[in-house]
Amino acid sequence: MQLADRVNRISISPTAAVLAAAERYRAQGADLADFGPGEPDFPTPEHIVQAAIRALHEGRTKYTPTAGIGPLREAICKWHAAQFGSSYTVPECVVTVGGKHAIFNAFCSLLGAGDEVLIPAPYWVSYPDIVKYAGGTPIHVETRPEDGFSVKASVIEKAITPKTRMVILSSPNNPTGGVIPPDEYERIFAICKKHNVWLMSDECYSHFTYEPHKPYSIASVADSKEHVVIIGSMSKTFAMTGWRIGYTLAPEALVQATVKLQSQSTSNPTSIAQHAALEAMRGSMDSVPVMLAEYAKRRKRIVEGLRAIPGVTCEWPGGAFYAFPNVSAHLGEGKNAAAKNCTELSKLLLEKAHVALVAGEAFGAPGFLRLSYATSIERIEEGLRRLEKFCPEASTRTRSRNPSDSSARRATSKRAAR
Ligand SMILES: Cc1ncc(COP(=O)(O)O)c(C=O)c1O
């Protein structure tokens, strides 16, 4: 079938493909150690659920204004100001169908043919495809494991050309968990300002940061508004992935453009979900530190467990809920020689060990795997056991590259002796 060019430019989200493959195995009765899902395993907090139920009973089931109900737009501005010290007003806020929709609308409103968007790699799978859909050109810039995958202002500055229209930063990052420290963020902002380039700040994981990092927004910087697009989401912070509520905070003219787009596509985000989000913005945030404390325990277990597998290196993620190990020593001529790359390795892991995870290629990072630890400690233990059994030894070709190999091997042999 002849399809439109703009659809042929993009592919189905690889993370969605992993979820679907895992689901097929589960349907056949497989007991999966599932590190695939990029969503909290916690339920939506009860007070938020109750707000949605109330909204249903009160008949709040009609169309709302396209940009979202006024009280929610106002509550988002207040919440963002209280959390981060920003100063947005209602006309500078639009409620969207999740953070992804906010990103989609902003790209579609700002990018023209050939406009370049700088995307630090490893990147969230959807950025390059949405840029391409909008007619722009994604340009990947490097981050390094030894910097905790935090992008450097100097790297951004070098990559800027007359065609650069936007830089997109996500901190904490999916898939690496990398966090950009405020001073580096502000250096990047200064570069964007100097070159008259938009800075998109994806804050979807803002509240899941581990010590010493703290939630941070570039919107706290005075006079940043003119060059900044803030993308927010209820999905992760409030365990509300399925409710599909996000937002954009940006200059009014850009907000108006995205509302126009929204008025001809989705119309308003679901009315009931907006009332739930209103409670999230106004009500108690007690559930957030509880989730964070649990993620912190899992992070420790999974990173230590991965590092104990010979040939695997893994940085400490500064935030979010993903571990991003380098497993390149297990490609090529290792025991599981069939795996030439991580896409093949992840398929083998699903097929033979019933471990679901996402290959680094999906994030522009060959040689890496993404494991979501939004799952119980018991399932993490089980998954680590399976991984260790599947990858008992690294290929001699690459083994020496792993700086933590010797301590990792000691840890493994200690465990084996017990
Ligand atoms: C970095 C990042 N940004 C944005 C999103 C979009 O989230 P949602 O559309 O559920 O708000 C995700 C989802 O996984 C993400 O990982």
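The values are calculated or read from the model by the stated rules, or taken from the named source; none is laboratory data. Computed from a prediction, not measured in an experiment: that's the story for all the values here. Because the Cβ atoms are built from the backbone with ideal geometry, glycine has one as well, and the counts that use them run over all protein chains shown. Accessible surface is based on the protein model in full, side chains and every heavy atom, while ligands, DNA and RNA are left aside. Shrake-Rupley method; radii C 1.70, N 1.55, O 1.52, S 1.80 Å.
Things to note:
- Seen from Asn341, the other residues with C-beta closer than 11 Å to its C-beta sum to a net charge of 0, counting Lys and Arg as +1 and Asp and Glu as -1.
- Local electrostatic count at Thr96 - Lys and Arg +1, Asp and Glu -1, tallied over other residues with Cβ under 12 Å: +3
- Counted charge near Pro138, where neighbours are those whose Cβ lies closer than 13 Å (Asp, Glu -1; Lys, Arg +1): +1
- Computed over segment 94-150: relative contact order in percent, which uses C-alpha pairs under 8 Å that are six or more apart: 34
- With all protein chains modelled, accessible area of Met285 [1.4 Å, Å²]: 40
- Using Cβ point charges alone (K and R +1, D and E -1), the dipole size of segment 1-116 about the Cα centre works out to roughly 380 debye.
- DSSP beta bridge pairing in the chain, given as percent antiparallel to the nearest 5: 45
- Both radii are taken from the alpha-carbon atoms of the chain; with Rh as the Kirkwood radius, Rg/Rh is 0.97.
- Whether segment 61-198 is rounded, prolate or oblate, judged on the alpha carbon gyration tensor where a/c under 1.5 counts as rounded: prolate
- Entry note, segment 162-239: relative contact order of 33 percent, from Cα contacts under 8 Å with a spacing of 6+ residues.
- Among Phe208, Thr66, Val94 the positive-end extreme of the charge dipole of the chain (Cβ point charges): Phe208
- Distance from segment 229-304 to segment 120-193 (C-alpha centre basis), Å: 21
- Calculated SAXS-style log₁₀ I(q)/I(0) at q = 0.17, 0.21 Å⁻¹ - segment 1-138, Debye, Cα scatterers: -1.23, -1.25
- Helix runs (DSSP H) in the chain reaching 24 Å along axis by Cα, Kyte-Doolittle at least -0.5: 287-307
- Which of Ile188, Pro269, Ser170, positive extreme of dipole for the chain (C-beta unit charges): Ser170
- Dipole magnitude for the chain: computed about the Cα centre from +1 point charges on Lys and Arg Cβ and -1 point charges on Asp and Glu Cβ, it is near 840 debye.
- Calculated translational diffusion coefficient of segment 150-275 (4 °C, 1.567 mPa s; Stokes-Einstein with Kirkwood radius over alpha-carbon pairs) equals 82 µm²/s.
- Normalised size of segment 203-330, defined as Cα radius of gyration per 2.2 N^0.38 Å with N residues, equals 1.33.
- Here the spin labels are modelled as points 7 Å beyond Cα on the Cα-Cβ line, and at Lys352 and Glu58 they lie 5.7 nm apart.
- Over the chain, dividing the summed -39,500 (n - 2.57) contributions of all DSSP H runs of at least 4 residues by the number of residues returns a 222 nm mean residue ellipticity of -12000 deg cm²/dmol.
- For segment 72-193, relative contact order (Cα pairs under 8 Å, six or more residues apart, normalised by length) works out to 21 percent.
- Å² per residue, accessible surface of segment 104-184 at 1.4 Å: 34
- Packing-based order for 187-196, 270-279, 97-106, using average beta carbon neighbours within 10 Å, highest first: 97-106, 270-279, 187-196
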